[in-house]
1. Quick one: which residues, 5 or more positions from residue B:9 or on another chain, have an amide H under 5 Å from its amide H? H modelled 1.01 Å from N in the peptide plane, none for Pro or chain starts.
2. What does the net charge come to around residue A:16 if you take all other residues with beta carbon closer than 12 Å to its beta carbon, with K and R at +1 and D and E at -1?
3. Within 10 Å of each Cβ of B:74-83, how many other protein chain Cβ atoms are there on average?
4. Hey, can you rank A:38-50, B:31-43 by average C-beta count inside 10 Å, highest first?
5. Could you tally the net charge around residue A:70, taking each other residue with its Cβ under 14 Å from the Cβ of residue A:70, Lys/Arg +1 and Asp/Glu -1?
6. Using a cut-off of 12 Å between beta-carbons, work out the net charge of the residues near residue A:43 (Lys and Arg +1, Asp and Glu -1, residue A:43 not included).
7. Could you please rank A:29, A:58, A:78, A:84, placing first whichever residue has the fewest other Cβ atoms within 10 Å of its Cβ?
8. Return the single residue from A:12, A:51, A:25 with maximal mean-square fluctuation; model: Gaussian network over chain A, springs between Cα atoms under 10 Å.
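Read-outs: derived from the displayed coordinates by stated rules, not from any lab. Everything numeric here is computed off the predicted structure, so don't read it as measured data. Counting neighbours? That spans all protein chains shown, and the Cβs are built from the backbone with ideal geometry, glycine included.
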Amino acid sequence: SQTIHQWPATLVQPVGSPLSLECTVEGTSNPNLYWYRQAAGRGLQLLFYSVGIGQISSEVPQNLSASRPQDRQFILSSKKLLLSDSGFYLCAWSVGVGGGTDTQYFGPGTRLTVL
Amino acid sequence: GDSVTQMEGPVTLSEEAFLTINCTYTATGYPSLFWYVQYPGEGLQLLLKATKADDKGSNKGFEATYRKETTSFHLEKGSVQVSDSAVYFCALTGGSQGNLIFGKGTKLSVKP
């Protein structure tokens, strides 16, 4: 069966510090991978999407970047964190060609607090 | 663009009460519709889904029917339990990358 891991589970970082969050998927090949952010009072927002190694699409211009160095690994990074980067970061995966019917499965999330 | 509107919470019910959480959507094309549940401190879990009009998704006593004529996907459960306390998200696949578009979530609290 497929599983998805995220780490760390929680993180407290000062403003201006770098960030690296990792997501890995097991039990499937060539998944579509997603990074979402859940900010207080703002629901869930798609940040990045990847259909394959080295292929990243960004939905929202921001202080963050994403990379996919391996088929089942997705990394979210920042060079300098802002207070507004605080939130709950969720990684998700799906299989398929994208579009209307793919079900997405979510990881346990990383809660980031920027002070 | 595509969007999802959920009833605002929080919703507080007594155990064994009937639950309805309203969800309506705006979409071009024919999206799939989903309900996800988020328990405190955890990620999202898929609760149920429907991929075409008149489909009924069901799981753990929860049900929702894809109503194209009213563009709705209301979540219902006949008898809620304390363990159902969570935040419920309605979503559709409609983003430019095939991503999910979520409603803002409805927090449900069930009291014993």
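1. Close amide H contacts, sequence-distant or interchain: B:107.
2. Overall, the nearby charge balance is +1.
3. 0
4. Put in order of decreasing packing, that is B:31-43, A:38-50.
5. Once positives and negatives cancel, what remains is -1.
6. Residues close to residue A:43 contribute a combined charge of +2.
7. Ranking A:29, A:58, A:78, A:84 by Cβ neighbours within 10 Å, fewest first, gives A:29, A:84, A:58, A:78.
8. Comparing A:12, A:51, A:25 in the GNM, the peak value goes to A:12.
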